[in-house]
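Written below as structure tokens is the structure these notes are about.
Every number in this text was worked out from the coordinates using simple rules, so none of it is lab data. Just so it is clear, the model here is predicted, and its values are computed rather than measured. Because the Cβ atoms are built from the backbone with ideal geometry, glycine has one as well, and the counts that use them run over all protein chains shown.
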Amino acid sequence: MILLCNFIVFADLKELKIKGDQAFYKETQKIFITIGNSYMEIDNNIIYCDEMEVYLTKDDNVKVAIFRRNIRIFKEEDQVQIGGEYAEYYKEKKMFIIRENAFYIDEKDEVAVFGDSIYNYEKEELAIIQGNTRVLQKDIFATGAFVKYTKQDKLMEISGFPKVKNQGSEYRAKKIIVDVDKNTFNMEGGIEAEIYGDEEEDSE
């Protein structure tokens, strides 16, 4: 193991920058490790966390990176932030897997999703959020077991006993699709609703 300086730039990997309070390189295993205030830039992603491990291939390309605790991942061009307490990044697939208090925030479209885990596929512009999911989008609040967000269409498909609350009313269905761009939602199958009108209008 070789102790390195607190800021590392790979000359042969122009797309990757790493820093941390402490940084180590396990030469035989081709692993970079950082501890404390860890930081990475890779594939237009800026990543902050407490600890990080970067595994290289035999050709010194990044294979996978693992992040731990207080993870914040920023994609500035899309105004997207994702994070949690544990994450893996597979460079060839350009895919993040995030677990433990996972969140996905799209600042541009004013939507936030929380869940147990997130699979973010950058090539496909697709995010899948699983387990105890909560969606907040302007005046829409939705819950369910599974959320599929296609970024290009800006459609968020919620399944697994989904429920939506909107302006005091509550809706249930087998599947609920939130249109993030239009701030509307559609329901499919087994629709139930508890609709409450404005109190002032009801009293007239």
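Compute the relative contact order of segment 77-180 as a whole-number percentage, counting only Cα pairs closer than 8 Å that sit 6 or more residues apart in sequence.
Relative contact order of segment 77-180: 17 percent.
What's the FRET efficiency of THR184 with LYS63 using the Cβ-Cβ distance as r and R₀ = 41 Å, to the nearest 0.05?
0.45
Kindly write out, for segment 111-128 in residue order, the coupling ³J(HN,Hα) from the Karplus curve 6.51 cos²θ - 1.76 cosθ + 1.60 (θ = phi - 60°), rounded to whole Hz, with x marking Gly and Pro.
Listing the rounded values in order: 9, 9, 10, 10, x, 6, 8, 9, 10, 10, 9, 6, 4, 8, 6, 9, 10, 10 Hz.
Between LYS91, LYS30, LYS58, where does the largest GNM mean-square fluctuation fall for the chain, given springs only between Cα atoms within less than 10 Å?
Among LYS91, LYS30, LYS58, the largest GNM mean-square fluctuation belongs to LYS58.
Per-residue ellipticity at 222 nm for the chain, helices alone: DSSP H runs ≥ 4 residues times -39500 (n - 2.57), over residue total, nearest 500 deg cm²/dmol?
Result for the chain, helices only: -500 deg cm²/dmol.
Considering the options GLN130, ILE195, GLN22, tell which one lies farthest towards the positive end of the dipole of the chain, charges being +1 on Lys and Arg and -1 on Asp and Glu at the Cβ, about the Cα centre.
With unit charges placed on the Cβ atoms, the residue in question is GLN22.
Determine ³J(HN,Hα), in whole Hz, for all residues of segment 164-181 in sequence, where each value follows from phi through the Karplus function 6.51 cos²θ - 1.76 cosθ + 1.60 and θ = phi - 60°; x replaces Gly and Pro.
10, 10, 8, 6, x, 9, 10, 10, 10, 6, 5, 9, 10, 10, 9, 8, 5, 5
Determine ³J(HN,Hα), in whole Hz, for all residues of segment 68-75 in sequence, where each value follows from phi through the Karplus function 6.51 cos²θ - 1.76 cosθ + 1.60 and θ = phi - 60°; x replaces Gly and Pro.
Per-residue couplings from phi come out as 9, 6, 6, 7, 10, 10, 10, 10 Hz.
Give the relative contact order (percent, whole number) for the chain; include only Cα pairs under 8 Å separated by 6+ residues.
Once normalised by length, the contact order is 9 percent.
Could I have the simple spin-label model distance between GLU92 and PHE24, label points 7 Å from Cα toward Cβ, reported in nm to one decimal?
Each label point is offset 7 Å from its Cα along the Cβ direction, giving 2.8 nm.
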